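The values are calculated or read from the model by the stated rules, or taken from the named source; none is laboratory data. All of these numbers come straight from a predicted model, not from anything done at the bench. Cβ placement follows ideal geometry from the backbone for every residue including glycine, while neighbour counts extend to all protein chains displayed. All accessible areas refer to the heavy atoms of the entire protein, side chains included, with ligands and DNA or RNA removed. Shrake-Rupley method; radii C 1.70, N 1.55, O 1.52, S 1.80 Å.
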Amino acid sequence: MRGGRAGALAFVAALGALYPLLRRPILTWGATSKEAVSRLPGDELLEDADGVSTRAITIDSPSASVWPWLAQMGPSPRGGAYTYDWIENLLGLNMHSVDRVLAEYQHPEVGDTIGLGANQMRLERMDPGHVLAWRSVDGSWVWSFVLREHDGATRLISRNRFRLPTLAARIAMLPMEPGSLVMERKMLRGIKARAERVT
(Lines give C-alpha, C1' and ligand atoms only; values in the text may rest on other atoms or scores of the structure.)
Protein backbone atom coordinates (compact mmCIF):
# COMPACT_ATOMS: atom_id res chain seq x y z
CA MET A 1 0.00 0.00 0.00
CA ARG A 2 2.80 2.42 0.94
CA GLY A 3 4.71 1.60 -2.26
CA GLY A 4 1.67 2.32 -4.39
CA ARG A 5 1.03 5.63 -2.63
CA ALA A 6 4.69 6.61 -2.94
CA GLY A 7 4.64 5.72 -6.64
CA ALA A 8 1.52 7.79 -7.21
CA LEU A 9 3.04 10.74 -5.38
CA ALA A 10 6.23 10.42 -7.42
CA PHE A 11 4.16 10.36 -10.63
CA VAL A 12 2.23 13.48 -9.62
CA ALA A 13 5.47 15.22 -8.64
CA ALA A 14 7.03 14.33 -12.01
CA LEU A 15 3.99 15.67 -13.85
CA GLY A 16 4.17 18.84 -11.78
CA ALA A 17 7.82 19.28 -12.71
CA LEU A 18 7.19 18.63 -16.40
CA TYR A 19 4.00 20.66 -16.75
CA PRO A 20 5.73 24.04 -17.20
CA LEU A 21 7.53 22.54 -20.22
CA LEU A 22 4.31 21.04 -21.60
CA ARG A 23 2.13 24.05 -20.88
CA ARG A 24 3.30 26.27 -23.73
CA PRO A 25 2.50 23.71 -26.48
CA ILE A 26 -0.85 23.05 -24.78
CA LEU A 27 -1.75 26.75 -24.83
CA THR A 28 -0.40 27.48 -28.33
CA TRP A 29 -1.28 24.37 -30.37
CA GLY A 30 -1.05 25.15 -34.08
CA ALA A 31 -0.11 28.80 -33.57
CA THR A 32 3.15 30.27 -34.78
CA SER A 33 5.38 31.96 -32.22
CA LYS A 34 4.40 35.30 -33.75
CA GLU A 35 0.67 34.54 -33.53
CA ALA A 36 1.01 33.40 -29.94
CA VAL A 37 2.54 36.68 -28.77
CA SER A 38 0.87 39.14 -31.15
CA ARG A 39 -1.95 41.44 -30.16
CA LEU A 40 -5.15 40.31 -31.84
CA PRO A 41 -8.55 41.94 -32.32
CA GLY A 42 -10.58 41.28 -29.19
CA ASP A 43 -7.62 41.49 -26.80
CA GLU A 44 -8.77 44.99 -25.85
CA LEU A 45 -11.93 43.47 -24.35
CA LEU A 46 -9.91 41.98 -21.49
CA GLU A 47 -6.61 43.74 -20.92
CA ASP A 48 -4.06 42.25 -18.52
CA ALA A 49 -5.55 38.76 -18.72
CA ASP A 50 -4.28 36.24 -16.17
CA GLY A 51 -4.54 33.37 -18.64
CA VAL A 52 -4.26 33.29 -22.44
CA SER A 53 -4.39 30.53 -25.03
CA THR A 54 -3.82 30.99 -28.76
CA ARG A 55 -4.54 28.05 -31.04
CA ALA A 56 -4.67 28.05 -34.82
CA ILE A 57 -5.05 26.02 -37.98
CA THR A 58 -4.51 26.57 -41.71
CA ILE A 59 -7.58 25.96 -43.84
CA ASP A 60 -7.15 25.40 -47.56
CA SER A 61 -10.11 27.60 -48.41
CA PRO A 62 -10.74 31.34 -48.63
CA SER A 63 -12.05 33.08 -45.53
CA ALA A 64 -15.49 33.35 -47.17
CA SER A 65 -15.76 29.56 -46.85
CA VAL A 66 -14.69 29.60 -43.20
CA TRP A 67 -16.75 32.52 -41.91
CA PRO A 68 -20.21 30.86 -42.14
CA TRP A 69 -19.15 28.12 -39.70
CA LEU A 70 -17.97 30.70 -37.15
CA ALA A 71 -21.00 32.94 -37.63
CA GLN A 72 -23.43 30.18 -36.67
CA MET A 73 -21.54 28.67 -33.74
CA GLY A 74 -23.41 28.14 -30.52
CA PRO A 75 -25.85 25.85 -28.75
CA SER A 76 -28.91 24.45 -30.50
CA PRO A 77 -30.64 25.67 -32.60
CA ARG A 78 -27.36 27.27 -33.73
CA GLY A 79 -24.65 25.19 -35.44
CA GLY A 80 -22.82 23.73 -32.45
CA ALA A 81 -19.08 23.89 -31.77
CA TYR A 82 -17.81 21.18 -34.16
CA THR A 83 -16.12 19.36 -31.33
CA TYR A 84 -17.09 16.35 -29.18
CA ASP A 85 -20.80 17.02 -28.77
CA TRP A 86 -21.21 14.20 -26.24
CA ILE A 87 -18.70 15.86 -23.92
CA GLU A 88 -20.28 19.29 -24.38
CA ASN A 89 -23.69 17.81 -23.62
CA LEU A 90 -22.47 16.05 -20.47
CA LEU A 91 -21.88 19.63 -19.32
CA GLY A 92 -25.42 20.61 -20.33
CA LEU A 93 -24.38 22.84 -23.25
CA ASN A 94 -26.95 21.52 -25.78
CA MET A 95 -24.44 21.41 -28.63
CA HIS A 96 -25.35 19.65 -31.85
CA SER A 97 -22.70 20.25 -34.51
CA VAL A 98 -24.18 20.58 -37.96
CA ASP A 99 -22.64 19.86 -41.36
CA ARG A 100 -24.53 22.54 -43.24
CA VAL A 101 -24.60 26.32 -43.30
CA LEU A 102 -27.62 27.72 -41.45
CA ALA A 103 -28.80 30.79 -43.35
CA GLU A 104 -30.67 32.20 -40.34
CA TYR A 105 -27.43 32.55 -38.32
CA GLN A 106 -25.21 34.13 -40.97
CA HIS A 107 -25.61 37.73 -39.88
CA PRO A 108 -24.34 38.04 -36.29
CA GLU A 109 -24.59 41.47 -34.71
CA VAL A 110 -22.84 43.08 -31.78
CA GLY A 111 -25.07 42.51 -28.77
CA ASP A 112 -26.13 38.98 -29.77
CA THR A 113 -25.91 36.53 -26.87
CA ILE A 114 -25.42 32.80 -26.49
CA GLY A 115 -25.32 30.64 -23.39
CA LEU A 116 -22.36 28.37 -22.72
CA GLY A 117 -23.41 26.65 -19.53
CA ALA A 118 -23.08 29.13 -16.68
CA ASN A 119 -21.40 31.61 -19.03
CA GLN A 120 -23.65 34.00 -20.90
CA MET A 121 -21.60 35.29 -23.83
CA ARG A 122 -22.22 38.57 -25.67
CA LEU A 123 -20.85 39.37 -29.11
CA GLU A 124 -18.70 42.46 -28.55
CA ARG A 125 -16.71 42.78 -31.76
CA MET A 126 -17.62 41.70 -35.25
CA ASP A 127 -15.97 42.35 -38.59
CA PRO A 128 -17.66 40.06 -41.14
CA GLY A 129 -15.23 37.62 -42.67
CA HIS A 130 -12.46 38.62 -40.27
CA VAL A 131 -13.26 38.83 -36.55
CA LEU A 132 -15.77 37.51 -34.02
CA ALA A 133 -15.12 38.29 -30.34
CA TRP A 134 -17.40 37.08 -27.54
CA ARG A 135 -17.15 38.23 -23.92
CA SER A 136 -18.80 36.69 -20.90
CA VAL A 137 -21.32 38.94 -19.20
CA ASP A 138 -19.18 39.00 -16.05
CA GLY A 139 -16.20 40.17 -18.14
CA SER A 140 -13.90 37.36 -17.03
CA TRP A 141 -13.62 35.51 -20.37
CA VAL A 142 -13.10 36.68 -23.95
CA TRP A 143 -13.11 34.22 -26.86
CA SER A 144 -12.02 35.68 -30.18
CA PHE A 145 -11.75 34.21 -33.66
CA VAL A 146 -9.55 35.90 -36.25
CA LEU A 147 -9.39 34.96 -39.95
CA ARG A 148 -6.35 35.88 -42.06
CA GLU A 149 -6.43 34.96 -45.73
CA HIS A 150 -3.33 34.56 -47.89
CA ASP A 151 -3.06 33.00 -51.36
CA GLY A 152 -6.50 31.41 -51.12
CA ALA A 153 -5.85 29.75 -47.74
CA THR A 154 -6.99 31.01 -44.35
CA ARG A 155 -5.40 31.03 -40.94
CA LEU A 156 -8.08 30.57 -38.29
CA ILE A 157 -6.80 31.81 -34.93
CA SER A 158 -8.75 31.15 -31.74
CA ARG A 159 -7.77 33.11 -28.65
CA ASN A 160 -9.12 32.74 -25.14
CA ARG A 161 -8.36 35.32 -22.46
CA PHE A 162 -9.32 34.78 -18.82
CA ARG A 163 -9.38 36.79 -15.64
CA LEU A 164 -8.22 34.55 -12.78
CA PRO A 165 -8.17 36.87 -9.78
CA THR A 166 -7.23 34.38 -7.07
CA LEU A 167 -4.54 31.76 -6.61
CA ALA A 168 -7.27 29.14 -6.27
CA ALA A 169 -8.73 30.17 -9.65
CA ARG A 170 -5.30 29.93 -11.29
CA ILE A 171 -4.64 26.49 -9.82
CA ALA A 172 -8.12 25.30 -10.83
CA MET A 173 -7.45 26.40 -14.42
CA LEU A 174 -4.32 24.21 -14.78
CA PRO A 175 -6.14 20.87 -15.23
CA MET A 176 -8.63 22.59 -17.54
CA GLU A 177 -5.91 23.58 -20.01
CA PRO A 178 -5.19 20.10 -21.44
CA GLY A 179 -8.93 19.43 -21.66
CA SER A 180 -9.50 22.69 -23.51
CA LEU A 181 -6.78 21.70 -25.98
CA VAL A 182 -8.53 18.41 -26.75
CA MET A 183 -11.84 20.19 -27.35
CA GLU A 184 -10.47 23.17 -29.26
CA ARG A 185 -8.22 21.10 -31.52
CA LYS A 186 -11.26 19.03 -32.50
CA MET A 187 -13.23 22.24 -33.10
CA LEU A 188 -10.55 23.79 -35.34
CA ARG A 189 -10.20 20.56 -37.31
CA GLY A 190 -13.99 20.32 -37.56
CA ILE A 191 -14.23 23.82 -39.04
CA LYS A 192 -11.35 23.05 -41.42
CA ALA A 193 -13.04 19.88 -42.70
CA ARG A 194 -16.36 21.65 -43.24
CA ALA A 195 -14.86 24.71 -44.94
CA GLU A 196 -12.65 22.66 -47.25
CA ARG A 197 -15.50 20.35 -48.19
CA VAL A 198 -17.71 23.16 -49.47
CA THR A 199 -15.00 25.11 -51.30
Query raised in the report: Ordering ASP112, ASP43 by how much accessible area each has at a 1.4 Å probe, largest first, what is the list?
Result: ASP112, ASP43
**Report entry** Cα radius of gyration and Dmax for the chain (Å)
**Finding:** 18.0, 61
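Of the trypsin sites (Lys or Arg not before Pro) in the range 92-181, which ones lie in a loop per DSSP and count no more than 15 other C-beta atoms within 10 Å? Spell out each step's value before the answer.
On the way: sites: ARG100, ARG122, ARG125, ARG135, ARG148, ARG155, ARG159, ARG161, ARG163, ARG170; in loops: ARG100, ARG163.
Passing sites in the range 92-181 are ARG100.
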Query raised in the report: Using 1/(1 + (r/R0)^6) with R0 = 25 angstrom and r between the beta carbons of ASP85 and VAL52, what's the FRET efficiency to the nearest 0.05?
Result: 0.40
Query raised in the report: What are the GluC sites (Glu not before Pro) within the range 24-90 that DSSP puts in a loop, where the Cβ has at most 10 other Cβ atoms within 10 Å?
Result: GLU47
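Accessible area of the chain with a 1.4 Å probe: how many percent of it is carbon plus sulfur?
On the way: 6380 of 10640 Å².
Carbon and sulfur atoms account for 60 percent of the accessible area of the chain.
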Query raised in the report: Around ASN119, what is the net charge, scoring Lys/Arg as +1 and Asp/Glu as -1 over all other residues with Cβ under 12 Å from its Cβ?
Result: +1
Requested in this report: Please name which of GLY190, ALA168, GLY139 has its Cα lying farthest along the dipole of the range 77-199 towards the positive end, using unit charges on Cβ (Lys, Arg +1; Asp, Glu -1) and the Cα centre as origin.
Outcome: ALA168
Report summary line: Under the Karplus relation with 6.51, -1.76 and 1.60 and θ = phi - 60°, whole-Hz ³J(HN,Hα) for the range 112-124, x at Gly and Pro, equal 4, 10, 9, x, 10, x, 6, 8, 8, 10, 10, 6, 9
Report task. May I have the extent of the alpha carbons of the range 128-183 along their three principal axes, as whole Å values ordered from largest to smallest? Result -> 45, 25, 14
**Report entry** Label point distance in nm, ARG189-VAL37, each placed 7 Å from Cα along Cα→Cβ
**Finding:** 2.9 nm
**Report entry** Given charges at Cβ of Lys, Arg, Asp, Glu: the range 13-139 dipole, positive-most of LEU93, SER33, PRO128
**Finding:** SER33
Query raised in the report: Dipole of the range 45-199, Cα-centred, from +1 at each Lys and Arg C-beta and -1 at each Asp and Glu C-beta, to the nearest 20 debye?
Result: 280 debye
**Report entry** Choice from ALA118, ALA64, ALA153 with maximal GNM fluctuation in the chain (Cα, 10 Å cutoff)
**Finding:** ALA118
Report task. Before anything else, pin down the relative contact order of the chain: Cα pairs under 8 Å, at least 6 apart, normalised by residue count, whole percent. Result -> 27 percent
